[in-house]
Amino acid sequence: MPKHVVAAKIKHETNGFNRILTTLDHFRDYELHAGSEVIPYYRGTRLEMGAFIESADLYGWTMDVPVSTFANPSGVVADGAFNHLCGLLVEGLQSQSRIDGVLLALHGAMFTESYGDAEGELLARVRAVVGPQVPIAVTLDPHANVTQRMVEHANIITAFRTSPHTDQYETGMRAAKMLDDTMHGRLHPEMTLARRPSLQGFDGARTYVPGGPMLQALDLATDAQRQHPEVACISIQAGFSRCDIAELGPTVIVTTNGHSSNGRVIAESLMDFCWETRMVWSDPLVSIEQAVEAARHQVASAAPLVLGDYGDAPGGGSYGDSTRLLAALLQAGITDGALAAIHDPATVQQALSAGVGAQIDIALGGHSDPASMGEPIRVRARVRSISVTGDMVFKGPYGTGTRRSFGPSVCLDVGGFAVIVSSRNLGLYDLEQFRIFGLEPADFSVVVVKCMQGHHAAFDPIGSRTLDVDTGGLTTADLKRFTFTRVPRPVWPLDAIPATS
Ligand SMILES: [Zn+2]
């Protein structure tokens, strides 16, 4: 009899310092599919769900996918949204006559109005339906905060091994294989979780800089697996520090086949490495002044200078309407540039009403939190192009096949700078996010993308140089700017901690 698997995806990376509550509409606007529409939507994508669907064919499972959803990283998730999404999964599980395994794509940094550890709560609800014997396999983002409750209720947890995350499919395939091995009795997974009192580590999971701490840790993990055949998987998470929950920061999970004391030894030794390298940042951020200076010296004939707006990354839960970097570049007289994207629905509406070619007086961006994101830029702009839907399909290496949308959106000419303005806040990962407006990023001297790390996959290859700029928004690297209330103290880097702890 074929094994019957229930799969689902419920993902969110919650920025606890973002003041906007994340509702069901945020999930609907970004990605929410249920029932029979799920499999056709994801088949062939290089995402975890694409891999789950392919694995069902590969291993001969029958599979149901009650829900697959994701929202752009944003503020605390409304309990109503969380309960609704979990409810779709729980009802999907309850409606099955038999379940041999559960396969879940989670992010691992979601928290809701009531649950700091939303994934732990979700897994507990799944476990309550399927009982203690049915294996539950989970994929995570390496920016996951892993809690003891997650490890308690899941059997297999494995995170992406890249940042930018170009191995989402491979991670899905790895989890599916371990689930198949477990369902057939070839694997008896036991997980060990280790952590340190730190908000960050493993170089933020960066794998785009050769020789960085995350790559070194992955090499150490591979060596450990080679030396200890009972180790089935080692998952390394850098954590997401803008959550403000009790169990926050970098972790390692070692999964062994049956009990082995080596699980604890390996997990602790990798966390020792994390602690020793906690200050290493393989791609140091630059200031706005340094970015402007680099733009001034950019040779027009060279491939573009790419500037990542690290402090205002919608992909890390920032508002996406910081004007700090753009204002500085405009003030310095930099004109041959393109930027994606300022989240400003009112300006979009104004431009749509005026039409292509029209000149409009705008107050661009800076509406969410002018004190930390900069004031609106008051300027006359020309409407360069319009995208009525703002829809695109990612064609680059990051989440290939992903469908996303800016919503109705426009490209404005602001003092010669091509500025994309969106009605939905959206992380920047793919060249298509420019191309839908008729812009070819490689044609500009300076390309600005609001992103922390994910842009390196698609934009480094077209640029002469990429600099990430700490502009001081909701995803700033300066964690001392935030007021953490739930994290146990002392914790590095907020407090001094002896190096041996
Ligand atoms: Zn991530």
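What shape does the range 49-197 take by its C-alpha gyration tensor, where a ≥ b ≥ c are the square roots of the eigenvalues and a/c under 1.5 counts as rounded, a/b above b/c as prolate, and the rest as oblate?
Working: a/c = 1.40, a/b = 1.20, b/c = 1.17.
In terms of gyration-tensor shape, rounded.
In percent, what relative contact order does the chain have, based on Cα pairs under 8 Å that are 6 or more apart in sequence? Walk me through the numbers before you get to the answer.
Numbers: 1271 pairs, mean separation 77.7, N = 501.
Reported relative contact order: 16 percent.
Accessible area, 1.4 Å probe, largest first: how do 283, 430 sort?
283, 430
Can you tell me which aspartates and glutamates have their Cα less than 14 Å from the Cα of residue 9? Leave out same-chain residues fewer than eight positions away.
Correct list for residue 9: 31, 37, 48, 64, 119, 141.
Keeping all protein chains in the complex and leaving out DNA, RNA and ligands, what accessible area do you get for residue 208 with a 1.4 Å probe, in Å² to the nearest 10?
So the heavy atoms of residue 208 present about 50 Å² to solvent.
Would you check the accessible area of residue 84, probe 1.4 Å, heavy atoms only, in square angstrom rounded to 10?
80
Rg and Dmax of the range 127-206 over Cα atoms: what are they, in angstrom?
Considering the range 127-206 through its Cα atoms, Rg and Dmax are 13.8, 39 Å.
Ratio of the chain's C-alpha Rg to 2.2 N^0.38 Å, to two decimals? The partial results should precede the final answer.
Working: Rg = 22.5 Å, N = 501, 2.2 N^0.38 = 23.4 Å.
With N residues counted in the chain, Rg over 2.2 N^0.38 Å equals 0.96.
For the range 4-276, what does the alpha-carbon gyration tensor say about shape, rounded, prolate or oblate, given a ≥ b ≥ c as the root eigenvalues, a/c under 1.5 as rounded, and a/b over b/c as prolate?
Numbers: a/c = 1.58, a/b = 1.15, b/c = 1.38.
Oblate, since a/c reaches 1.5 and b/c is not below a/b.
Relative to the longest principal axis of the chain, what angle (0 to 90°, nearest 10) does the C-alpha long axis of helix 168-183 take?
Taking the Cα atoms of the chain, the angle to 168-183 is about 10 degrees.
Using every pair of alpha-carbon atoms in the range 439-501, split the distances into 10 Å bins beginning at 0 and state the percent of pairs per bin, rounded to integers.
P(r) for the range 439-501, in whole percents per bin: 16, 33, 24, 18, 9, 0.
Count the net charge of all other residues whose Cβ sits under 12 Å from the Cβ of residue 197, scoring Lys and Arg as +1 and Asp and Glu as -1.
Values: positive: 195, 196, 278, 489; negative: 247, 495.
Result for the local shell: +2.
So if I restrict to the alpha-carbon atoms in the range 288-476, what is the Rg, and what is Dmax, the biggest pairwise distance, in Å?
14.7, 38
Mind ranking 222, 485, 171, 466 by accessible surface for me, highest first, 1.4 Å probe? Kindly include the intermediate steps, with their values, before the conclusion.
Working: 222 65, 485 100, 171 0, 466 30 Å².
Ranking 222, 485, 171, 466 by accessible area, largest first, yields 485, 222, 466, 171.
Which whole-angstrom value gives the distance between the alpha carbon centres of the range 183-206 and the range 232-266?
2
In terms of Cα to Cα distance under 30 Å, which lysines are near enough to residue 480, apart from those fewer than 8 places away along the same chain?
Those lysines meeting the cut-off are 11, 450.
Ranked from the most accessible area to the least, with a 1.4 Å probe and all protein chains present, what is the order of 470, 443, 321? Before the final figure, lay out each step's value.
Details: 470 45, 443 115, 321 5 Å².
In descending accessible area the options line up as 443, 470, 321.
Given charges of +1 on the Cβ of Lys and Arg and -1 on the Cβ of Asp and Glu, with all other atoms neutral, how large is the dipole of the chain about its Cα centre, in debye to the nearest 20?
Numbers: 39 positive and 54 negative charges, 36 e Å.
For this selection, approximately 180 debye.
Report residue 36's accessible area, 1.4 Å probe, all protein chains in place, as a number in Å² to the nearest 10.
The accessible area comes out at roughly 110 Å².
Rank 411, 339, 367 by how far each Cα sits towards the positive end of the charge dipole of the range 288-476 (+1 on Lys, Arg Cβ; -1 on Asp, Glu Cβ) and give me just the farthest.
The listed residue farthest towards the positive side: 411.
Are there any trypsin sites (Lys or Arg not before Pro) in the range 18-106 that are in a DSSP loop and have at most 15 other Cβ atoms within 10 Å? List them by number.
On the way: sites: 19, 28, 43, 46, 98; in loops: 19, 43, 46, 98.
For trypsin sites (Lys or Arg not before Pro) across the range 18-106 that sit outside H, G, I, E and B with at most 15 neighbouring Cβ atoms in 10 Å, the list reads 19, 43, 98.
On the protein heavy atoms, probe 1.4 angstrom, tell me the percent of accessible surface of the chain carried by carbon and sulfur.
Its accessible area is 52 percent carbon and sulfur atoms.
Considering only the other residues whose Cβ falls under 14 Å of the Cβ of residue 63, what net charge follows from Lys and Arg at +1 and Asp and Glu at -1?
Working: positive: 3, 9, 43, 98; negative: 48, 54, 57, 64, 100, 180.
Surrounding charge for residue 63 is -2.
Just the number please: accessible area per residue for the chain, 1.4 Å probe, all protein chains included, in Å².
Per-residue accessible area for the chain comes out at 36 Å².
The values are calculated or read from the model by the stated rules, or taken from the named source; none is laboratory data. All values derive from a computational prediction rather than experimental measurement. Cβ: placed from backbone, ideal geometry, glycine included. Neighbour counts: every protein chain shown. What goes into the accessible areas is simple: the full protein's heavy atoms, side chains included, and nothing from ligands, DNA or RNA. Shrake-Rupley method; radii C 1.70, N 1.55, O 1.52, S 1.80 Å.
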